[in-house]
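The structure appears below as structure tokens.
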Amino acid sequence: MNLTPWCNLFSTASKYNIEVKKSRYKPLFCASVTVIIIALLLVYFTYAYHLILAGTVLSVLLLGILLAKKGKPVVVASFELDNQGRCSFDGVHYYQLLTRSRFSFLGCWLYLQYCNDNTRYNANNNDAIKRVFIFRDSLYEDDFSRLSNVISQLNYHD
């Protein structure tokens, strides 16, 4: 005989443990932006457009090849997320995922507002909002799917 009420089972099943790995896209993205800015500056001061374009393309491709090495993923953070968008990074402090959060092919832009353990999200709370960007390759496929579903539900119910 199981004494656990079904509502407690549903409550634990609706919480997800999301693991964030170290991204390979982040250094590639930063290096590519730097190479493109340098190339634009060079184009401004010279007329050798074809050499600059070829150098930029080769630099970005070389950076992509060097950073594409697959290794064992290193988990840098994890947090617990429920279906209502409430998450906790340490099990003590809770944050509410706001409807301004978005996801795309590049990753997730999360807007988080602190809320107490005992109270739900309060729209009148003027605490500082945390902004977090997570590259898509930093999340496992299932975790990205869960996170994007929660963000979609928040925006749908708003």
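Here are some notes:
- Residues in the stretch 138-153 that are open to solvent by 30 Å² or more (accessible area, probe 1.4 Å) and out of contact with any Asp or Glu (no Cβ under 7 Å at 6 or more places or on another chain) were compared, and the one that is farthest from Gly107 (Cα to Cα) is Gln153.
- Of the listed requirements (1) open to solvent by less than 50 Å² (accessible area, probe 1.4 Å); (2) in contact with a helix residue (DSSP H, G or I) (Cβ under 9 Å, 6 or more places away or on another chain); (3) at pLDDT 85 or above, Gly64 misses just one: (3).
- Residue that is of a type in the set (A, V, I, L, M) and modelled with pLDDT of 80 or more, where the choices are Leu9, Leu3, Leu41, Leu28: Leu41
- Selection from the stretch 96-117 of residues that are open to solvent by 30 Å² or more (accessible area, probe 1.4 Å), not hydrophobic (A, V, I, L, M, F, W, C) and not in a loop (DSSP other than H, G, I, E, B): Arg102, Tyr111, Tyr114
- Against the numbered list (1) assigned to a loop (DSSP other than H, G, I, E, B); (2) of a type outside the set (Lys, Arg); (3) over 17 Å from Phe135 (Cβ atoms); (4) at pLDDT 85 or above, Val92 comes up short only at (4).
The values are calculated or read from the model by the stated rules, or taken from the named source; none is laboratory data. What you are looking at is a predicted structure, and each value in this text was computed from that prediction instead of being measured. Glycine gets a Cβ as well: all are built from the backbone with ideal geometry, and neighbour counts include every protein chain shown. Remember, those area values only see protein heavy atoms, side chains included, never the ligands or the DNA or RNA. Shrake-Rupley method; radii C 1.70, N 1.55, O 1.52, S 1.80 Å.
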